[in-house]
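The values are calculated or read from the model by the stated rules, or taken from the named source; none is laboratory data. The shown structure was predicted, so the numbers you read here are calculated from the model rather than taken from an experiment. As a convention, Cβ positions derive from the backbone with ideal geometry for all residues, glycine included, and neighbour counts pool all protein chains shown. Remember, those area values only see protein heavy atoms, side chains included, never the ligands or the DNA or RNA. Shrake-Rupley method; radii C 1.70, N 1.55, O 1.52, S 1.80 Å.
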Amino acid sequence: MSGLSVLKQENFDKLLVWLHDDREHAGQKYEAIRESLIKIFSWRGYDDAEDLADEVVNRVATKIRWLVDNYVGDPALYFYGVAKKILLERERREQPHPLDETMKAPDTAIQPEEDLAADRRDECLEKCLRELDGDDRMLILAYYQKSKQAKIDYRKALARQFGLNTNALRVKVFRIRAHLKKCIKQCLQTSPQGETN
Amino acid sequence: MIDLDQKQSTIRRYLLGRADEAGSEQFEEQFVRDAEFREVALIVEEELIDDSLAGLLSADDQARFDAHYLAGPRQRQELTLAQTIREYALANPAAGPAVAPEPTWRKLVELIMGHGGLPAVAAAMLLLVAVAGLLAWWVSSRHGNEPQLVTADAVARLNKPPYNAEPALSVPLTSFLDRASGQGQKFAVPTGIDIVQLQLALPATPYQSYQATLRVTNGEELFTVGDLSAQQTEAGRRLNLRLPAHLLTPRDYTLRLNGQTTEGRTDSVADYYFRVLR
């Protein structure tokens, strides 16, 4: 919420009511919209995706009185419309920075200066794996085994083992992994280094 | 149930920077407003990262993954995290379960009937499950789904030529993507009117048939009808959707149109938002 410091509480409250009558649902919807915008800005290559998403929220909030009376449709789409406008303004000023050669995907060999962070990541991963339910832990670790065609066959067998079809297996693994990643990120934030990368 | 395969290629095209601007906007718009699609997109994204780490991407896809997908710092962070989990899992193969080979039909029968133990008990349990299932279906068909089915039936009949009655009110609607942000489409339904016709402006791409789903914005689905046809007019492609007027009570509505291709594929075509006034 740092980028929202200029946002008036009154406007933000109205914005939540606009999203949903129930405040808890409204909060969830707000988070979903904000996370979606961050993803989109990030996929479009912007380093300051969170700031841009907050800028969208700020602009929507300043128009909230007008929106409540006049806007028809899914509020999420209005947020997206404002996001597109901000992207256009940004593109007029500057181009997103394409990936520099030196910034390419980390290879399997981790940089020496990242060793400490890598050790910390491993510690957090082990801690978070221990917190998982036994079946979930087995499943997530098994999911990564094998490679190429063997992996495809292995995952089919894995799905049968867990009484799922492959589609349901993919969804289940995604949800376990999302939980695991959230745990790791929280662990890293409380670590002495406090960094993820 | 989420169908991952149906959406996978579209999502990968976007993530690898292969979608044109219109395709990107269509993807992003759906990503923002549709929670189920959002989850599918995030699953496909994770699997794309996995495939990259496992060396399963083609050379061209890998190049695009490096140059386009990894342009954002959050994506690089996701890659590092996925790499950490993958390396740990590969270094600890014993932690996973031993996976059994595919059962033959004989093994499947054994699984259902037990290993020659108590077939009568197994059969009784199956019967019990079947009866419970039938009961649940009967209850839901009598209570939960009935209004929606009746509505869908009525709308389907209204849209099947030859038409028995002409609409007294026709309302032109443009899709969300074709109108300026924030411009609402509002109309009132005067009393005494039986049929309202929504004249839906369509994108240029034709489909063999169309399917329309009407829901209250942020609320329940009212109906889904298929086998709808479009017409080419001087102003462009149009689909006329005839609705019973009593269905359109004063509220905000979202109408989604899907198109069916000749190959049997279903594409999202357009969304329309409108408010019915008192």
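Enter the buried accessible area of the A/B pair, total of both sides, probe 1.4 Å, in Å² rounded to the nearest 100.
6800
Using the basic label-point model (7 angstrom from Cα toward the beta carbon), what is the A:GLU123 to B:LEU277 distance in nanometres?
Taking the simple label geometry, A:GLU123 and B:LEU277 are separated by 6.5 nm.
Provide the gained length on full extension for the span A:HIS179 to A:ASP48, in nm with one decimal, where the gain is 0.36 nm per separating residue minus the Cα-Cα distance.
Going from the current span to full extension adds 44.7 nm.
Quick one: which residues, 5 or more positions from B:ALA270 or on another chain, have an amide H under 5 Å from its amide H? H modelled 1.01 Å from N in the peptide plane, none for Pro or chain starts.
B:LEU257
Can you give the average number of partner chain beta-carbon atoms within 10 Å of each beta-carbon in peptide A:164-173, as a whole number?
3
List the chymotrypsin sites (Phe, Trp or Tyr not before Pro) within the stretch A:1-95 that fall in a DSSP loop (any state other than H, G, I, E or B) and whose Cβ has at most 14 other Cβ atoms within 10 Å.
none
Estimate the FRET efficiency between A:ASN165 and B:ASP153 by the formula 1/(1 + (r/R0)^6), using the beta-carbon distance for r and 35 Å for R0, to the nearest 0.05.
My answer for the efficiency is 0.65.
At 7 Å along Cα-to-Cβ for each site, give me the label-to-label distance between A:LYS63 and A:GLU10 in nm.
Result: 2.1 nm between the two label points.
Using only the heavy atoms of the protein chains and a 1.4 Å probe, how would B:PHE65, A:PHE162, A:PHE174 rank by accessible area, largest first?
These residues rank, largest area first, as A:PHE162, A:PHE174, B:PHE65.
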